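K.L.:
Okay, here's the structure, questions in a sec.
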Amino acid sequence: MKADPAPLPTIVVLASGTGSNLQALIDASRERDFPGEIIAVGSNRPKAFALERAAQAHIKTFVVDHTQHGSREEFDAHLMAELRRLDPDLIVLAGFMRILTEDFVRAFRGKLLNVHPSLLPAYTGLNTHQRVLDAGDSLHGVSIHFVTEELDGGPVIAQAEVPVLADDTPDTLAERVQQQEHLLYPIVVRWFCEGRIRLGAQDVLFDGAALAEPMKLAAN
Ligand code: GAR
């Protein structure tokens, strides 16, 4: 008799909006050799389209509505309780537009990934596409990083660059950045589930060695 295969690492995705990154992860997770399982999708917005995408894929959903909680601490405590119940190996923030408390981040240290639409450490925070255009930069992109207490400041695992074109608007730039997000995030989640990346003291360990700089997705 064959032994049961080892259970796959479990993933919870948190998303506040459209969920195009969630969709990219769902699509990747359907590949036969994908080394993880998305067990639930959570949102702070009951009407987030991401929840519909999850339901379509028969993935369990949950909502912790931030408008129903008086403080950030109370919201995070509820979210933390949901996540503790699910006990995932990995929590993927995919357009989850809430700043998390230090307690929350510490509770899940090394298990929290985020996608940010800029070449970090440049342009932390919001409206990155507009700010890149205002600054006249010729290069923009996306970063996937471990979440630490510092907002958008955790060690960066991988980046993809996106050239800024002369006639770009925030929308056209956002669209090309998102195309790269959809390629890069599943790759990084795969690495995590395969045990290839870990959060070190202050850096990313890739196959056991500290990354001197973020991995770069080759331009396609
Ligand atoms: C993504 O472009 C992601 O980079 C950004 O939100 C978008 C969500 O899109 N995240 C942040 O700005 C985090 N600070 P999606 O809902 O279609 O995946």
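The values are calculated or read from the model by the stated rules, or taken from the named source; none is laboratory data. Owing to the predicted nature of the structure, the values given are computational and were not obtained by experimental measurement. We place every Cβ from the backbone using ideal geometry, glycine too, and count neighbours over all the protein chains shown. Just so you know, the surface numbers come from the protein's heavy atoms only, side chains and all, with ligands and any DNA or RNA stripped out. Shrake-Rupley method; radii C 1.70, N 1.55, O 1.52, S 1.80 Å.
K.L.:
Segment 14-61 to segment 127-165: how many Å between their Cα centroids?
P.N.:
The distance from the Cα centre of segment 14-61 to that of segment 127-165 comes to 23 Å.
K.L.:
Here's something else I'd like to know. Quote the charge dipole size of segment 10-217 about the Cα centre in Debye, to the nearest 20; the model charges only the Cβ of Lys and Arg (+1) and of Asp and Glu (-1). Walk me through the numbers on the way to the answer.
P.N.:
On the way: 19 positive and 29 negative charges, 115 e Å.
It comes to approximately 560 debye.
K.L.:
Let me ask something else. If amide H atoms are built 1.01 Å from N in the plane of the peptide, which residues on other chains or at least 5 residues away come under 5 Å of the amide H of His140?
P.N.:
It is Val162, Val164, by chain and number.
K.L.:
In addition: If Lys and Arg each add +1 and Asp and Glu each add -1, what is the summed charge of the other residues whose beta carbon sits under 14 Å from the beta carbon of Thr148? Could you put the intermediate results ahead of the total?
P.N.:
Details: positive: Arg106, Arg109, Lys111, Arg198; negative: Glu102, Asp103, Glu149, Glu150, Asp152, Asp203.
Every neighbour counted, the sum reads -2.
K.L.:
Using the Cα atoms as the points, what is the convex hull volume per residue of the chain in Å³? List each step's numbers first, then the result.
P.N.:
Numbers: hull volume 31.2 nm³, N = 220.
Taking only Cα atoms, the chain has a hull volume of 142 Å³ per residue.
K.L.:
Filter the GluC sites (Glu not before Pro) in segment 134-220 to those in DSSP coil with at most 15 other Cβ atoms within 10 Å of their Cβ, and list the result. Let's see the in-between values first.
P.N.:
On the way: sites: Glu149, Glu150, Glu161, Glu175, Glu181, Glu194; in loops: Glu149, Glu150, Glu194.
When the GluC sites (Glu not before Pro) of segment 134-220 are filtered for loop state and at most 15 Cβ neighbours within 10 Å, Glu149, Glu150, Glu194 remain.
K.L.:
Only Lys, Arg, Asp and Glu count, each charged at its Cβ (+1, +1, -1, -1), so figure out the dipole size of segment 79-133 about its Cα centre, rounded to 20 debye.
P.N.:
Details: 7 positive and 5 negative charges, 15 e Å.
Roughly 80 debye, rounded to the nearest 20.
K.L.:
Find the accessible area per residue for segment 10-217; the probe is 1.4 Å, ligands and nucleic acids are left out, and the unit is Å².
P.N.:
On the way: 10050 Å² over 208 residues.
I get 48 Å² per residue for segment 10-217.
K.L.:
For the chain, what's the relative contact order in percent, using C-alpha pairs closer than 8 Å and at least 6 residues apart?
P.N.:
Details: 398 pairs, mean separation 38.6, N = 220.
Result for the chain is 18 percent.
K.L.:
When the accessible area of segment 10-217 is split by element with a 1.4 Å probe, what percent falls to carbon and sulfur? Don't jump to the answer; show the numbers that get you there.
P.N.:
Working: 4880 of 10050 Å².
Percent of accessible area from carbon and sulfur atoms in segment 10-217: 49.
K.L.:
For every helix of n ≥ 4 consecutive DSSP H residues, a contribution of -39,500 (n - 2.57) applies; sum these over the chain, divide by its total residues, and give [θ] at 222 nm rounded to the nearest 500 deg cm²/dmol. Intermediate results must be reported in sequence, preceding the final value.
P.N.:
Numbers: 6 runs with 71 residues, N = 220.
Using -39500 (n - 2.57) per qualifying helix, the result is -10000 deg cm²/dmol.
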